[in-house]
Each structure stands twice: as structure tokens, then as C-alpha cells.
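Worksheet for the structure shown next.
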Amino acid sequence: MEFHTLVINPGSTSTKAALFKNSTPEWEETIRHGQDELKQFRRLMDQYLFRKQLILGLLEEKGFRADKLDAVCGRGGLLKPIPGGTYEVNDSMRDDLRKGYNGEHASNLGGLIAHDIAVEVEAKAFIVDPVVVDELDEKARLSGVPELPRKSIFHALNQKAVARRACRELNLTYEEANLIVAHMGGGITVGAHRGGKVVDVNNGLHGEGPYSPERAGTVPAGDLVQLSLSGDYFLDEVMRKLIGKGGLTAYLGTSDAVEIEDRIGKGDREARLVYEGMAYQVAKEIGSLSVLFGGTIDAVILTGGLAYGKEFTGWIEEKVSWIGKVMVFPGEDEMSALNEGALRVLKGEEEAKVYS
Ligand SMILES: Nc1ncnc2c1ncn2[C@@H]1O[C@H](COP(=O)(O)OP(=O)(O)OP(=O)(O)O)[C@@H](O)[C@H]1O
Ligand SMILES: CCCC(=O)O
């Protein structure tokens, strides 16, 4: 049986689309958006038609008739907290994506566009492992301030995809493996995967964990409160210090790790200190999660764009290799992870979950 799935992944600076026949990509395209191009839209939802037209344009350019699609699968957004898996897009999900239940994120557009393309050709519409996948252990939710519970917002799609890939190499099922996965991209999230669930992870979007190319991570809380109430900053300016203009960007003026490596190569000591500091924080996060497994860790996995940096992953490996086997999967494989999620349901291997 042949299944055609259109995969849609709207990101903050790009729109990615791919067409799969079963597990094989027929084509995959990334359309990059300059800052000025998206500036014309005041709110994220205002980009909806623009992004949908780009994807329909790609289908036309490739000469593929939409009525041959079996499914359209979008990257899901800031919904209510839900367990991992493949979800059929329904009305309740569309309402929450439209209003941004947990905030604005480009991936809120994924499920909406998937639904609208699918409905016209009577195909199925899905999302897979959105950033709000929440499988936290109850103890992991406690922050010390009852009004501020810890939240699970992380790179669930890529973390789970690389975890499954590592399990295939290790000859284990995902459900029986003990893994720590560090996704290191524009944001950094480090998750403890136990029994097929991510039982603890830093909230990568709202200021927790290691600093990253463009985010601050955990900062001294009291000092942050004082800075916020000093009267010197508006709320959105403080938020920008945490997300967008934090981390490498704040210290070195760029989020581009390749440029930073180049500066280090030319003897820039400050760049080295800050870049090594980021590796130190990732290693510390991995170390803190290692205690959850009582000494039986099958692998520590390093992934995301930063994992292309050999010296960077080397610094982390030096500090964590005593914990377990370190596996490095540079980049991310979100498009095929979305396709595989849809395919498992189309083939009847898994039932689609219902969002409510
Ligand atoms: N060859 C490379 N060597 C070192 N760093 C690299 C390399 N290629 C990309 N990077 C760095 O990886 C980071 C971006 O990673 P990635 O593309 O995974 O992020 P993103 O998709 O924009 O964000 P996120 O993964 O948080 O959703 C940037 O700092 C970039 O400079
Ligand atoms: C942490 C959630 C995914 C992202 O970084 O955008």
C-alpha cells in the first residue's frame, strides 16, 4: 500500500515542506524568510495565508495533485500540555492553535494549515509530538513556588525521533531504554527519557536550563526580579533578554556558532570562554538528569545544529562520558519524524490520539 503525506514545518525564519511516499521523501524544500518579509505581519496568525500559499505554490511547482494526498502533517504548536504521539487535528485543537493557548510560536500555524489543505481533498490531518508534550514526573513539576510550576516545553519532535534512532542502533525499544537527549539548536533542551516518556526536561522557551545561541536559560532569580522592577525596562525588553537576545547573542553579538568557532580559531579568548561556558552548562544539565536513572543509562545523545561543532561536542563528551555511551546526531530530522508519525497511523500500527 502506498501513502502520500505532505509535511509542513513552519519555523520562525523559514517554512519547510516535504512530500513523502511511504518513508521516502519525493522532495523537501526550505523557504527562508528575511526579517523584513515577516515584519509586515503584526501577529503570528496574520502569516497564515502567506505561508499556506507558499506551500500550495510548492505543490503546484512540483506538479503534484493535492487530491492524491492521504495525509497532511504539520508541526504542532503551543497547545495544552499533552502526552507524546500523533494527534488528528480537530476543532478543539484548531481553536487552541489559533488563540495560542500557551503563547505564540510559528509551529501554531502547522496544524491549521495541515487541516485546511487536507479538508479540501478529504485527506487526514495530523500533528506529531508538539513542543508542549508533557510526560513529566509529578516531582519534576515542583519549582518551590506553587504559583509557578515547572512546565514541559521542549524540542519533543526531534528529541523523540533521535531517541528512537539511537534505540534502533542499540537494539533496544524506546520503551525500555534509559536515555538523556540534549537538543542544541537556537534553544537548548535536555530531556530524561525513561520508559518511553520524557520525565524531566528544562523549559527551553521560557528561561530554564543552559544558555543557548539566543536564549538566557536559568538566570539568578532575585536579580532578574530586581532588574524587571527597576523601571529601566518594559516587560517585552526583559523577555527579549531571556529569549531572542540572550546567551551567545548577549555576550558575543551573534547566535552563529560557526562564526564564533572562527573567532576562537583566530585567538578570541572571550568567544572561547562563552562558547566553552555553554558546553559546561549543557554537561551540568546532563549530569543533573543522570541521577534519575540509578546508574543504568543506555546513551547520552547530542543533537541539533550545534552538534555539528566537533570541538563543542568534544567539551561536553569529556565531562559526561563517565555517565554512559555518548552518541552524536548533528542537525535535526523533524520532517521525517512528522512523516513517520503520520505513517504509523495510516498503516494502522498506532491509533491517532484525540486532543481535547
Ligand atoms: N557546522 C556547524 N558547526 C557548528 N555550529 C553549527 C553548524 N551548523 C549550524 N550550527 C549552529 O547551530 C545553531 C542552530 O541550530 P538549529 O539549526 O538546530 O537551530 P534552529 O532550528 O534555528 O532552532 P531550534 O533547534 O532551537 O528549533 C546555530 O548556532 C548555528 O550557528
Ligand atoms: C523549546 C521549544 C522549541 C523551540 O526552541 O522553539
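The values are calculated or read from the model by the stated rules, or taken from the named source; none is laboratory data. Because the structure is predicted, anything quoted here is derived from the model rather than measured. Every residue, glycine as well, gets a Cβ built from its backbone with ideal geometry; the counts of neighbours run over all protein chains shown.
Residue 65 - would you say it is free of Cβ contacts under 8 Å to residues at least 60 places away in the same chain and within 26 Å of residue 154 (Cα to Cα)? No. Each residue in the stretch 164-186 was checked for being under 14 Å from the mean Cα position of the chain (by Cα) and surrounded by fewer than 24 Cβ atoms within 10 Å (Cβ to Cβ), and 2 pass. Scanning the stretch 123-149 for residues that are free of Cβ contacts under 8 Å to residues at least 24 places away in the same chain and of a type outside the set (A, V, I, L, M) yields 138, 139, 141, 143, 144, 146, 147, 149. Scan the stretch 79-107 for residues that are touching a strand residue (DSSP E or B) at 6+ places or on another chain (Cβ under 8 Å) and within 16 Å of ligand 1 (Cβ to nearest atom) and the total you get is 2.
For the residues 171, 203, the requirement of being in the same structural domain as residue 290 (by TED's automatic domain parsing), modelled with pLDDT of 95 or more and under 30 Å from residue 273 (Cα atoms) singles out 203.
Taking (1) free of Cβ contacts under 8 Å to residues at least 12 places away in the same chain; (2) crowded, with 22+ Cβ neighbours inside 10 Å in turn, residue 288 satisfies each apart from (2).
When you scan the stretch 289-329, how many residues do you find that are out of contact with any strand residue (DSSP E or B) (no Cβ under 7 Å at 6 or more places or on another chain) and modelled with pLDDT of 95 or more? Result for the stretch 289-329: 11.
What number of residues within the stretch 184-200 are β-branched (Val, Ile, Thr) and more than 9 Å from ligand 2 (Cβ to nearest atom)?
3
Quick check on my filter: what residues within the stretch 1-56 are within 21 Å of residue 344 (Cα to Cα) and either free of Cβ contacts under 8 Å to residues at least 24 places away in the same chain or of a type in the set (Val, Ile, Thr) (or both)?
Across the stretch 1-56, the qualifying residues are 2, 5, 7, 8, 21, 24.
Filtered by the rule that a residue be surrounded by fewer than 16 Cβ atoms within 10 Å (Cβ to Cβ) and more than 16 Å from ligand 2 (Cβ to nearest atom), the stretch 329-352 gives 330, 347, 348, 349, 350, 351.
Does the stretch 125-143 include one or more residues that are buried (at least 24 other Cβ atoms within 10 Å of the Cβ), more than 11 Å from ligand 2 (Cβ to nearest atom), farther than 24 Å from residue 327 by Cα and over 18 Å from the mean Cα position of the chain (by Cα)? Yes, the conditions are met somewhere in the stretch 125-143. Of all the residues in the stretch 121-141, those that are part of a loop (DSSP other than H, G, I, E, B) and out of contact with any Pro (no Cβ under 7 Å at 6 or more places or on another chain) number 8.
When the residues of the stretch 303-328 are filtered to those that are within 16 Å of ligand 2 (Cβ to nearest atom) and closer than 20 Å to residue 168 by Cβ, which remaining residue is surrounded by the fewest Cβ atoms within 10 Å (Cβ to Cβ)?
Ranking the candidates gives 307 first.
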